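Q: Would you mind keeping the following structure in view while I ask a few things?
No value in this document is a laboratory result; all are computed from the given coordinates. Everything numeric in this text was worked out from a predicted model, so none of it was measured. Cβ coordinates were reconstructed from backbone atoms using ideal geometry, including for glycine residues, and neighbour counts include every protein chain displayed.
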Amino acid sequence: MQVLIIEDEPRAASQLQNMLKASHFEYQLLDIIDTVEDAVIWFQKNTAPDLVFMDIQLADGLSFEIFQNIEVEAPIIFTTAFDQYAIQAFKVNSIDYLLKPIQGEDLTKALDKFGKSNKTPTIDPAILKQFLTNIQTPPSRTGILVKEGSGFVQIKMTELLYVYSQESITFGITADKRYFIDETIDQLFNTLENSVFYRINRGQIVSKNAIQKIDSYFNHRVKLSMTNPRDQEFIVSRPKTSDFKEWMNR
């Protein structure tokens, strides 16, 4: 039994493997992938596995974005720490879903359900699109607290040009300054207005208002010219390129 694990938390991936062994489930682990981008590339280059364990929130976005870029012809057991995602994951025709922290009994039931399945479920594009629309409802955050000297100041979201992560540190850039943000890029992006901000890759979020130019780039990607770039390169990851162009047209 060939298994693929798509999970951005190494500890969670390791725990899942230990639980599979404890359940006496015989399998061959093909790979562990932690991003939407790498998952799309993996499916493009490899034969579909017998079973996929897929976390919903990955390092560079939601795993549902994978299905916007490629057809996945494999049974999927979704894993998530968030109840609001669990029911939706089930509705996109996965074999099952597991809430984190995963319980041994739940894993056993999911594997049993997988064993009794006669066909590979397919992802319903209509349900997926509706789900993505629902979870991308713009939040109401208008400001962000950033470090300045020995204290903090608040900058308006309208001042934020882009955000990037470097060596696990998150920085926010305005027209004239760089600020340290005491949030991970994942935490921050989940609070930003989706009509204005877009996560172009694992480590960068850009404001539509700060994009000066879009150029074609190697391997079907695009490269952005930004206001106050500060030696940063802004390259939209390949799986996100089509969606990014749609976002720019809104």
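Q: Once you have a ≥ b ≥ c as the square roots of the Cα gyration tensor eigenvalues for region 1-63, tell me rounded if a/c is under 1.5, and otherwise prolate or oblate according to whether a/b is larger than b/c. Could you put the intermediate results ahead of the total?
A: Working: a/c = 2.68, a/b = 1.29, b/c = 2.07.
The shape class here is oblate.
Q: Turning to a different aspect of this structure: Based on DSSP H runs of at least 4 residues, each adding -39500 (n - 2.57), what is the mean residue ellipticity at 222 nm of the chain after dividing by all its residues, to the nearest 500 deg cm²/dmol? Display every interim value, and only then the final one.
A: Values: 8 runs with 77 residues, N = 250.
Helices in the chain give a 222 nm mean residue ellipticity of -9000 deg cm²/dmol.
Q: By how many nm would the segment from Q166 to D215 lengthen if fully extended, with 0.36 nm per residue of separation less the alpha-carbon distance?
A: Working: separation 49, 0.36 × 49 = 17.64 nm, distance 2.41 nm.
So the chain would gain 15.2 nm between Q166 and D215.
Q: Rank these for me by crowding, D34, D182, D215, D60, going from fewest to most other beta carbons within 10 Å. Don't skip to the answer; put the middle values down first.
A: On the way: D34 19, D182 14, D215 10, D60 24.
In order of increasing Cβ crowding within 10 Å: D215, D182, D34, D60.
Q: Amide H of G61 versus every other amide H placed in the peptide plane: which residues, excluding those fewer than 5 positions away on the same chain, fall under 5 Å?
A: V36
Q: What distance in nm separates the simple spin-label points at R141 and K156, each placed 7 Å from Cα in the Cβ direction?
A: 1.8 nm
Q: In debye, nearest 20, what is the charge dipole magnitude of the chain about its Cα centre with +1 on Lys and Arg Cβ and -1 on Asp and Glu Cβ, if you could check? Numbers along the way, then the final one.
A: On the way: 26 positive and 33 negative charges, 134 e Å.
The calculation lands at about 640 debye.
Q: While we're on this one: Tell me, what is the FRET efficiency for Q44 and S117 to the nearest 0.05, using R0 = 22 angstrom and their Cβ-Cβ distance as r?
A: Details: r = 25 Å, r/R0 = 1.13.
Result of the calculation: an efficiency of 0.30.
Q: Which loop GluC sites (Glu not before Pro) in region 149-184, with loop taken from DSSP, have no more than 13 other Cβ atoms within 10 angstrom of their Cβ? All intermediate terms of the calculation are to be shown ahead of the outcome.
A: Details: sites: E159, E167, E183; in loops: E167, E183.
Counting only loop positions with at most 13 other Cβ atoms within 10 Å, the GluC sites (Glu not before Pro) in region 149-184 are E167.
Q: Among the lysines, which fall within straight-line cross-link reach of K113, defined as a Cα-Cα distance under 19 Å, with same-chain neighbours fewer than 8 residues apart omitted?
A: By straight Cα distance, K113 reaches K21, K91, K100.
Q: Let me ask something else. Based on the alpha-carbon gyration tensor of region 143-249 and its eigenvalue square roots a ≥ b ≥ c, which shape applies: rounded if a/c is under 1.5, prolate if not and a/b is larger than b/c, or oblate?
A: Details: a/c = 1.85, a/b = 1.81, b/c = 1.02.
Because a/c hits 1.5 or more and a/b exceeds b/c, region 143-249 counts as prolate.
Q: Taking only the Cα atoms of the chain, how large is their convex hull per residue, in Å³?
A: Residue-normalised Cα hull volume stands at 138 Å³.
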